[in-house]
Amino acid sequence: MSWEVINQVLGLATVDKQFVQELLKEPLVAVQRRGFQLSPQEEKMFSEICASNLREFSQRLLQMLNREQFDQKHDASEGRKGE
């Protein structure tokens, strides 16, 4: 997931109360309605987020991103070991 998408989604959420409510209820639908272009992996992440407020949503999104980046680095290092 790109930092650009995260910044845009969270930036919009800080100024648009309606978007926040939609984001908390149905995150994937909310971002798609607003025209954000997501990869299949990003769609999966947004569909898995469950939060009761924007702070919690932001934390979960960042945790998912950190986990994704760790997995990518781990997969890349495992690939090098097999060479």
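The table that follows gives values for the structure above.
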read-out: Leading residue by the ranking (surrounded by the most Cβ atoms within 10 Å (Cβ to Cβ)) among those in the range 4-21 that are under 17 Å from Gln63 (Cα atoms) and without any contact (Cβ under 8 Å) to a residue 24 or more places away in the chain; value: Asn7
read-out: Selection count, the range 22-43, where residues are outside any loop (DSSP other than H, G, I, E, B) and surrounded by 13 or more Cβ atoms within 10 Å (Cβ to Cβ); value: 11
read-out: Enumeration of residues in the range 44-55 that are assigned to a helix (DSSP H, G or I) and either more than 11 Å from the chain's Cα centre (by Cα) or closer than 21 Å to Gln21 by Cβ (or both); value: Met45, Phe46, Ser47, Glu48, Leu54, Arg55
read-out: Conditions (1) acidic (Asp, Glu); (2) at pLDDT 95 or above; (3) within 12 Å of the chain's Cα centre (by Cα): number failed by Glu4; value: (2)
read-out: Residues located in the range 25-40, provided they are within 12 Å of the chain's Cα centre (by Cα) and of a type in the set (Val, Ile, Thr); value: Val31
read-out: Boolean, Ser58 is more than 18 Å from Leu12 (Cβ to Cβ), part of a helix (DSSP H, G or I) and at pLDDT 90 or above; value: no
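The values are calculated or read from the model by the stated rules, or taken from the named source; none is laboratory data. In this text, all values refer to a predicted model and were calculated from it rather than measured experimentally. No Cβ is skipped: glycine too gets one built from the backbone with ideal geometry, and neighbour counts run over all protein chains shown.
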